[in-house]
Amino acid sequence: MIMEEVEDPITKMIQPQQPYTGQIFQPTQTFTPTTPQPFYGNSFEDEPPLLEELGINFDHIWQKTLTVLHPLKVADGSIMNETDLAGPMVFCLAFGATLLLAGKIQFGYVYGISAIGCLGMFCLLNLMSMTGVSFGCVASVLGYCLLPMILLSSFAVIFSLQGMVGIILTAGIIGWCSFSASKIFISALAMEGQQLLVAYPCALLYGVFALISVF
Amino acid sequence: MHPAGSAAGTPRQPSKRRIPVSHLGMADPHQLFDDTSSAQSQGYGAQRGPSGLGYPTASASPQAAFLADPVSNMAMAYGSSLAAQGKELVDKNVSGLGWWEWGESWGHEARASGRALPPQIDRFIPVTKLKYYFAVDTLYVGKKLGLLFFPYLHQDWEVQYQQDTPVAPRFDVNAPDLYIPAMAFITYVLVAGLALGTQDRFSPDLLGLQASSALAWLTLEVLAILLSLYLVTVNTDLTTIDLVAFLGYKYVGMIGGILMGLLFGKIGYYLVLGWCCMSIFVFMIRTLRLKILAEAAAEGVPVRGARNQLRMYLTMAVAAAQPLLMYWLTFHLVR
């Protein structure tokens with residue numbers, strides 16, 4: 001079907017859907033303006049609400065945040081169907097803000113590392129999973145799981161993290177972040193027996209974030 | 001092109017050059033535009049009718065009027081030649097297949113992989129081949145890491161085959177994979193940064209420097225081995241990606257050495273590095289022996305012959321280069 005359609009453009013041009021009845025160099029008056037509608041009238045009430053149009057669904061954001069904060073709760077695979085970058089943006093900015101409170105102006109590093117990390121995870125997950133994954137989905141999941149790292153950097157504002165307690169706390173929070181990220185990836189992409197394999201690169205990524213917070 | 005004289009004045013009949021209506025009544029594909037002078041346009045319209053493509057059977061007059069105008073005639077010729085060129089360009093770039101085969105192959109691949117990747121990307125990065133090397137699971141990775149640190153008790157080093165293709169790494173611990181080398185490489189770069197940081201020699205661009213120098217050494221190694229395999233004229237099924245995978249396994253030992261060096265100083269570093277060097281030497285010899293040496297020699301029967309000796313030396317050289325590189329890339333990180 002496809003072949004004959006493509007190989008026969010001439011016929012298609014000779015018999016357009018609507019036969020050309022005008023003259024070549026004379027524009028035809030085919031546009032009939034409709035009756036002008038008032039700007040604020042029925043159309044305004046028919047418009048969807050602004051948040052819905054922007055795609056920001058607070059309920060879903062809250063659900064995803066709860067999934068991250070309860071690492072032992074089983075994740076629902078369908079929550080990642082809509083890639084939502086509003087939440088991750090907020091979390092990244094909050095992370096940078098807490099770093100700022102500790103006296104480290106390192107927004108550039110946060111941005112660069114998260115970009116490279118998301119790219120790396122995107123390539124790896126596409127190669128490892130049966131179904132592919134979109135870049136927005138990867139960025140969204142990794143951004144949401146940055147939430148515990150914000151806790152760590154806010155601790156760093158008050159206490160220094162370079163003691164034994166700091167190291168244990170850092171290790172725990174890295175584990176928490178990567179565990180919940182891998183849990184969401186596994187359930188969204190239906191990968192079996194690969195949770196630790198997905199958690200390890202996430203742990204590397206969050207480890208670099210932790211390095212920024214600690215040092 | 002039909003000579004105009006043959007068709008002039010006669011009612012349109014399907015000529016020999018025409019594909020009959022049962023084959024959907026298409027025009028000769030190489031003809032740029034149709035010869036629609038006089039009565040032919042009518043017959044052509046009627047012929048298109050039963051083709052079932054859904055085009056409305058337009059009457060003759062608008063077509064004739066359309067085509068009589070010289071400007072639109074030329075425009076149509078130009079447009080159709082452009083369309084034909086475009087189609088050729090797409091056909092050429094899309095791995096040399098025709099439209100139908102291209103669509104079919106893409107569909108098959110999309111069904112198999114679940115993700116519609118256009119085959120143009122497949123030309124630069126062989127994604128489907130790479131996917132084989134990432135089909136791993138946690139159990140495989142655990143066993144492989146154990147093999148890398150302690151290969152002495154493992155008996156059977158053959159990769160199992162399933163109908164001429166090697167089995168995925170998930171199912172056979174002897175198959176090479178790319179997950180471990182890739183993760184080991186990235187971990188090596190980060191651990192090197194950590195080691196430099198504890199010695200107060202860290203700056204972020206040093207990370208990039210470490211990464212690119214390690215990558216350069218790896219590329220050099222792969223090229224050298226490929227060159228020597230070519231010179232020795234060995235017929236192996238050792239692909240380049242396989243080679244990269246095998247050469248990437250040494251990063252695991254390097255990471256172990258650096259971490260021990262960080263924790264326990266130079267003594268720990270030398271001990272662990274020595275152990276890992278021995279292990280990777282044995283691992284490489286046992287793995288490459290099956291790939292490079294001839295069948296008889298691989299089964300342990302010593303075969304005397306210049307060719308096999310050369311191959312044996314090549315295997316030993318490759319295996320011996322691993323510990324050297326492991327030491328070279330890590331000794332400056334441990335003080």
Exercise. Provide a single number: the residues in the range B:218-262 that are of a type outside the set (S, T, N, Q) and closer than 25 Å to B:Val334 by Cα.
Key: 19
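When you check B:Ala182 against the structure, is it closer than 24 Å to A:Met130 by Cβ, open to solvent by 30 Å² or more (accessible area, probe 1.4 Å) and either in contact (Cβ under 8 Å) with a residue 12 or more places away in the chain or in a loop (DSSP other than H, G, I, E, B) (or both), yes or no?
Details: closer than 24 Å to A:Met130 by Cβ: yes; open to solvent by 30 Å² or more (accessible area, probe 1.4 Å): yes; either in contact (Cβ under 8 Å) with a residue 12 or more places away in the chain or in a loop (DSSP other than H, G, I, E, B) (or both): yes.
Yes, satisfied.
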Quiz item: Hey, A:Phe122 hits all of (1) within 14 Å of another protein chain (Cβ to nearest Cβ); (2) more than 18 Å from A:Leu197 (Cβ to Cβ); (3) without any contact (Cβ under 8 Å) to a residue 40 or more places away in the chain but one; which does it fall short on?
Solution: (2)
Quiz item: Which of the residues spanning the range B:193-205 are open to solvent by 50 Å² or more (accessible area, probe 1.4 Å) and either assigned to a helix (DSSP H, G or I) or hydroxyl-bearing (Ser, Thr, Tyr) (or both)?
Solution: B:Leu194, B:Thr198, B:Pro204, B:Asp205
Quiz item: Can you spot a residue in the range B:256-268 that is more than 30 Å from B:Ile125 (Cβ to Cβ), among the β-branched types (Val, Ile, Thr) and touching a residue at least 40 places away in the same chain (Cβ under 8 Å)?
Solution: yes
Quiz item: Any idea which of (1) surrounded by 15 or more Cβ atoms within 10 Å (Cβ to Cβ); (2) within 14 Å of chain A (Cβ to nearest Cβ); (3) farther than 21 Å from B:Gly261 by Cβ is the one B:Ala175 doesn't satisfy?
Solution: (2)
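Would you check if B:Asp205 is of a type in the set (D, E, K, R), closer than 26 Å to B:Leu263 by Cα and either at pLDDT 90 or above or out of contact with any Pro (no Cβ under 6 Å at 6 or more places or on another chain) (or both)? Steps first, please.
Working: of a type in the set (D, E, K, R): yes; closer than 26 Å to B:Leu263 by Cα: yes; either at pLDDT 90 or above or out of contact with any Pro (no Cβ under 6 Å at 6 or more places or on another chain) (or both): yes.
Answer is yes for this residue.
Among the residues of the range A:162-196, count how many are of a type in the set (Phe, Trp, Tyr) and on the phi > 0 side of the Ramachandran plot.
So in the range A:162-196, the residues of a type in the set (Phe, Trp, Tyr) come out as A:176, A:179, A:185.
From what is left, the residues that are on the phi > 0 side of the Ramachandran plot are none.
Total meeting the criteria: 0.
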Quiz prompt | The one condition in (1) part of a helix (DSSP H, G or I); (2) within 11 Å of another protein chain (Cβ to nearest Cβ); (3) modelled with pLDDT of 65 or more that B:Asp91 fails to fulfil | solution = (3)
Exercise. For B:Leu190, indicate whether it is part of a helix (DSSP H, G or I) and either within 14 Å of chain A (Cβ to nearest Cβ) or among the polar types (S, T, N, Q) (or both).
Key: yes
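Only one of these is out of contact with any strand residue (DSSP E or B) (no Cβ under 6 Å at 6 or more places or on another chain) and crowded, with 18+ Cβ neighbours inside 10 Å: B:Tyr249, B:Tyr230. Name it. Can you show your working first?
On the way: B:Tyr230 fails: crowded, with 18+ Cβ neighbours inside 10 Å.
When all the criteria are applied, what remains is B:Tyr249.
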Quiz item: Of everything in the range B:122-139 that's β-branched (Val, Ile, Thr) and outside any helix (DSSP H, G or I), which residue is modelled with the lowest pLDDT?
Solution: B:Ile125
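Tell me which residues, restricted to the range B:140-165, are in a helix (DSSP H, G or I) and open to solvent by 100 Å² or more (accessible area, probe 1.4 Å). Let's see the steps before the verdict.
The initial filter retains those residues of the range B:140-165 that are in a helix (DSSP H, G or I), namely B:140-149.
The answer is B:Lys143, and nothing else.
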Quiz prompt | Residue in the range B:265-278 that is over 31 Å from the mean Cα position of the chain (by Cα), surrounded by 12 or more Cβ atoms within 10 Å (Cβ to Cβ), at negative phi and in a loop (DSSP other than H, G, I, E, B) present | solution = no
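Does A:Leu119 satisfy the condition of being closer than 23 Å to A:Phe159 by Cβ, modelled with pLDDT of 85 or more and surrounded by fewer than 16 Cβ atoms within 10 Å (Cβ to Cβ)? Full working, then the answer.
Numbers: closer than 23 Å to A:Phe159 by Cβ: no; modelled with pLDDT of 85 or more: yes; surrounded by fewer than 16 Cβ atoms within 10 Å (Cβ to Cβ): yes.
No; evaluated as a whole, the condition is false for this residue.
The values are calculated or read from the model by the stated rules, or taken from the named source; none is laboratory data. Everything numeric in this text was worked out from a predicted model, so none of it was measured. Positions of Cβ are generated from backbone atoms using ideal geometry, with glycine treated the same way; all protein chains shown enter the neighbour counts. The protein model used for the area step is the full one, side chains on, heavy atoms only, and it has no ligands, DNA or RNA in it. Shrake-Rupley method; radii C 1.70, N 1.55, O 1.52, S 1.80 Å.
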